[in-house]
Amino acid sequence: MSLSDFVSRVGARIAHLPTHTKVLLTLATCVLLVELAFRMFGRRSRAYARWTRGIEAVGAVWTAVLLSVVYLVSVGPVSLFLKLTGKDLLDRSKGNDPTFWKPHEANPLGTLAAARHQF
């Protein structure tokens, strides 16, 4: 396969993409090219410092958005399911005991060995 065949195949694939995908691909390509140009030619310039601060701000916003979505999609439904079924995975019920303290089993290795092999 020659280089011209490869380029024409990639061009044909891009031509069949939806418009919003083409716009996002163009935007991502421009951001990549600007970043590469700054790293090659203007690493210590004020423009590169501003560019970096702007990209970090966008990254902070997207991090918050993505973590919120992950929380709402994973933790929320699990919590709702556990509340509806009445389960308490932490066993926080006091029962008839006067305290929340739960006795634990002693470590079969002994206290000194257990302290050395915690993980």
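The values are calculated or read from the model by the stated rules, or taken from the named source; none is laboratory data. All values reported here derive from a predicted model rather than from experimental measurement. Cβ sites come from the backbone with ideal geometry, for glycine too, and all protein chains shown count toward neighbours. Quick note on the areas: whole protein, heavy atoms, side chains included, nothing else; ligands and nucleic acids left out. Shrake-Rupley method; radii C 1.70, N 1.55, O 1.52, S 1.80 Å.
Laid out as a table, the results:
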{"quantity": "Enumeration of residues in the stretch 86-96 that are more than 29 Å from the chain's Cα centre (by Cα) and open to solvent by 80 Å² or more (accessible area, probe 1.4 Å)", "calculated": "91, 92, 94, 96"}
{"quantity": "Flag if residue 57 is closer than 23 Å to residue 28 by Cβ, of a type outside the set (D, E, K, R), open to solvent by less than 60 Å² (accessible area, probe 1.4 Å) and over 28 Å from the mean Cα position of the chain (by Cα)", "calculated": "no"}
{"quantity": "Filter pass, residue 22 being open to solvent by less than 100 Å² (accessible area, probe 1.4 Å) and modelled with pLDDT of 90 or more", "calculated": "yes"}
{"quantity": "Residues located in the stretch 25-53, provided they are open to solvent by 70 Å² or more (accessible area, probe 1.4 Å) and charged (D, E, K, R)", "calculated": "39, 43, 44, 46, 50, 53"}
{"quantity": "Residue within the stretch 62-85 that is open to solvent by 100 Å² or more (accessible area, probe 1.4 Å), more than 30 Å from residue 31 (Cβ to Cβ) and of a type in the set (Phe, Trp, Tyr) present", "calculated": "yes"}
